[in-house]
Each structure stands twice: as C-alpha cells, then as structure tokens.
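The structure appears below as structure tokens.
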Amino acid sequence: MPVRPTALRAGIAAVLGGVLALGFVAPANAAPQTSTVVSHEAAAKVVRTKVTASPKSLSVVAGKRAKFSVSAKGTKLSYQWYVRKPGKSSYAKVAGAKTRTYGVTAMSRIDGARYRVVVTGAKGTVTSKSAALVVVSKPKIITDPADRQARSGDKVTFSVKAAGHGLTYTWRIASMESLDWQTLPGTGRSVTLTARSALNGSLVEVVVRNKAGRTESLPAFLDVTSTASDPYTPGSMGVAGEWALVVEHSDLDADAEVAAASPANPAAPAGSTYVTTTVLACNFSDEGTPAPATVRLRGKDGALYTTTGVALPAVPAAMTKKYSDAAEFGCSLSTVGALAPDSVIAGAVWAASGPATRYAPASTSYWAATVA
C-alpha cells in the first residue's frame, strides 16, 4: 500500500527529532556554527640579530683580570671573540671564547690589544665595535735627570724620560749631608728652579707613579757657583773648575789684632788689617794637578785683594774616578789671607777662582765674611 505523504512527513519529522535529541543538529533558532581545527604550535617570531652594547675599553694593572662583555638581541644567538694583538694588522679567533663575556689576564705583551665579538643569530651575523686593553705596568725610567751646573740666579731645568701609562711626577731636592727630601713645585716630566748658593751640592730626583706602583730616578747633582750678592756661607763647599773648596771657618774681624809679622802673616800698616781664612781644597781631577786656585778678598768697595794661591797636592798615580776616601782626592788644608783697608772689610766676602777645565769653565765662587 503506498505511503501517504502525510505519514512520510511524520516519519521524517520523528527521525529528525531523534537526531536533534542526540545533539547532532542545532535547533532551528540557534546561531550558525563553523567547525575549525586550530594548531597549538605557535609560530615563533624570528628577531633580527643586533648588537645593543659593544665591549668597552679597559685599563687594568698587570697581573689582574680584564673582562669584556657584549649585549645583543636576536634569535638563537651564538658568540665568537676575536683579538688583534699589538703590532698585528688583522684579527684572529680566540679559541674557546664563545660566550657573551671574555676574560683575559693583563700582561705587558698584550698592552694595546683590541677585542671584538661576532654575534650570529637566526636572522643575521653582526660584528661589535672593538675595545682596547691598556695594561698598566710599574713605571720604568728611560733617562734619568742629568747633572747641572749653574750660577746663582740662573734658571735650571731637570727632566726625566719614563715609560708607562697614567704617569705622575713628584720632584724632590735634598742636601747630600741630610738627605732630607723636600718636594719641589710642579708635577710634569720637567721641573725648573732658580739656582741659589744655598742649593749648591744638592741632589734632585723624581718619583714617577701610576696605579701599578712607583719608581725613583737616580739623583742628579746641582752645582751652583755663588755670586758676590749671593755668597756661600762659611762651612759650605763650592766648586771652582775641578777644585772643591770648603771654608772651614773665617777669621774676618775688623778689630782683630794681627799676630807677629811673618811671610804668612805680615804686619798691617795703619788703617789696614790682615785677615785670614782656612780653606780645605780638594782636586776632583784624575788627570794630575791643575793650576792652583786663587783665593782673594772682595771688599765692600768691590775691589779684589790678592792673596797667595792655594796649591793642591799631586794626585796619586793609581787614582781613578771611583774614590774611596778623601785622601785619594788629593786634599790640602790651607790658610790664606788678605791685606785690606779697614773701611772695606765689614761685609767683605772671600772669592776663590779656579782654572778652566774640560768639565767646567773658569769660575769664581764667593764665601761670606763673618764681619759684622
């Protein structure tokens, strides 16, 4: 029997109703649905390789550790450090240096080396700027200050040549007797001072410093020839040519009574006085005995009053420039005198003139009198 349309529709409706009851078909009034498959593996964003901070130059004391570092951004980064050693024109790979930092012990042989790093990522390779390594070693004196000869009032300059980084200089002066060092003004590699009689026989040295330590130069000698306006004081030493003359004491006294007349101590005429001084004279030459020095009195009037010459003994044949005691210098103690008017004695000074030598020209040194 044929199925009626009404019954067919009812059957279809019943089947559809069951399907809806099982949740396979949306109700007629529900919003349209779309079925989509979503991957849970997120695609990583690849970042371009870039150096954000290059290594910085370092100044490190020899023996200490220097540490360079780099900052970079990018994806899957790797690092390789390179060095250009002093005197080289190209960079070489540093074995095993494959992290963002690199450490090396500072040594003088790598002073001035430059370091850089190549950063490689998923999107490009970049080379950093280079950084220098300055290795600070203890200062080294290349040339010590030289001895100087000057006349009182002259400007005298001492200089030193030293090697090292970050050097500072401290100049000092002292007498040979006390070695009581006094700091001179100025902090450069040279120092200039005004020569004075009181500085004769001084030692001048420089202390060179940096953050690795200090080094002292060998001392230089300062020989100052006195002048009438700036005489040596009694008991001081002056150099006339190769002569070294020391005034042991001075007998200048306008009211002194003169001893019995003799060739060394003649009677003084009225209005005059025969004054004397004792001089220790030494010969610093190793080429025999030069012509004797002459010691004279320079009066207040400026005139020179002649006295006997001071002759030094012959130098021993075995003498060398390395002296062991005063006897080897060839020294003698002499008393010299001058006959001068009483009116010029007060304020007078003794003048010692030495011969010209290959070391120094002829010179005149002055000693102060003790006359009030």
Inside region 185-211, the number of residues satisfying the requirement of being hydrophobic (A, V, I, L, M, F, W, C) and open to solvent by 30 Å² or more (accessible area, probe 1.4 Å) is 2
Which one of these is within 30 Å of A212 (Cα to Cα) and either surrounded by fewer than 17 Cβ atoms within 10 Å (Cβ to Cβ) or of a type in the set (S, T, N, Q) (or both): A113, A131, A97, A92?
-> A92
For residues that are in contact with a Ser or Thr (Cβ under 7 Å, 6 or more places away or on another chain) and assigned to a loop (DSSP other than H, G, I, E, B), scanning just region 47-62, find the one that is surrounded by the most Cβ atoms within 10 Å (Cβ to Cβ).
-> P55
So which residues in region 138-166 are within 29 Å of R65 (Cα to Cα) and open to solvent by less than 40 Å² (accessible area, probe 1.4 Å), if there are any at all?
-> P139, I141, A162
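Looking at region 314-347, which of the residues that are under 47 Å from the mean Cα position of the chain (by Cα), modelled with pLDDT of 65 or more and of a type outside the set (A, V, I, L, M) is least open to solvent (accessible area, probe 1.4 Å)? Full working, then the answer.
Kept after step one, since they are under 47 Å from the mean Cα position of the chain (by Cα), are these residues of region 314-347: 314-334, 347.
If we keep only those that are modelled with pLDDT of 65 or more as well, we get 330-334, 347.
If we keep only those that are of a type outside the set (A, V, I, L, M) too, we end up with 330-332, 334, 347.
Numbers: G330: 5, C331: 42, S332: 25, S334: 26, G347: 55 Å².
It comes out as G330.
Can you tell me which of T99, T125, T120 is assigned to a loop (DSSP other than H, G, I, E, B) and of a type outside the set (D, E)?
T99
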Where in region 140-235 are there strands (runs of 3 or more DSSP E), lying wholly inside it, with at least 1 residues that are more than 30 Å from M107 (Cα to Cα)?
-> 148-151, 155-159, 168-175, 190-194, 202-210, 220-225
Do we find that A228 is open to solvent by 30 Å² or more (accessible area, probe 1.4 Å) and on the phi < 0 side of the Ramachandran plot in this structure?
-> yes
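Conditions (1) small (G, A, S); (2) in a loop (DSSP other than H, G, I, E, B); (3) at pLDDT below 55, marked per residue:
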site	(1), (2), (3)
G18	yes, no, yes
H40	no, yes, yes
K45	no, yes, no
Y82	no, no, no
Checking A220 against (1) touching an Asp or Glu at 6+ places or on another chain (Cβ under 7 Å); (2) open to solvent by less than 30 Å² (accessible area, probe 1.4 Å); (3) modelled with pLDDT under 80, which single condition isn't satisfied?
-> (3)
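The values are calculated or read from the model by the stated rules, or taken from the named source; none is laboratory data. In this text the structure is predicted, and so the values were computed from the model without any measurement. With ideal geometry, Cβ positions are generated from the backbone for all residues, glycine too; neighbour counts draw on all protein chains shown. SASA here: full protein model, heavy atoms, side chains in, ligands and nucleic acids out. Shrake-Rupley method; radii C 1.70, N 1.55, O 1.52, S 1.80 Å.
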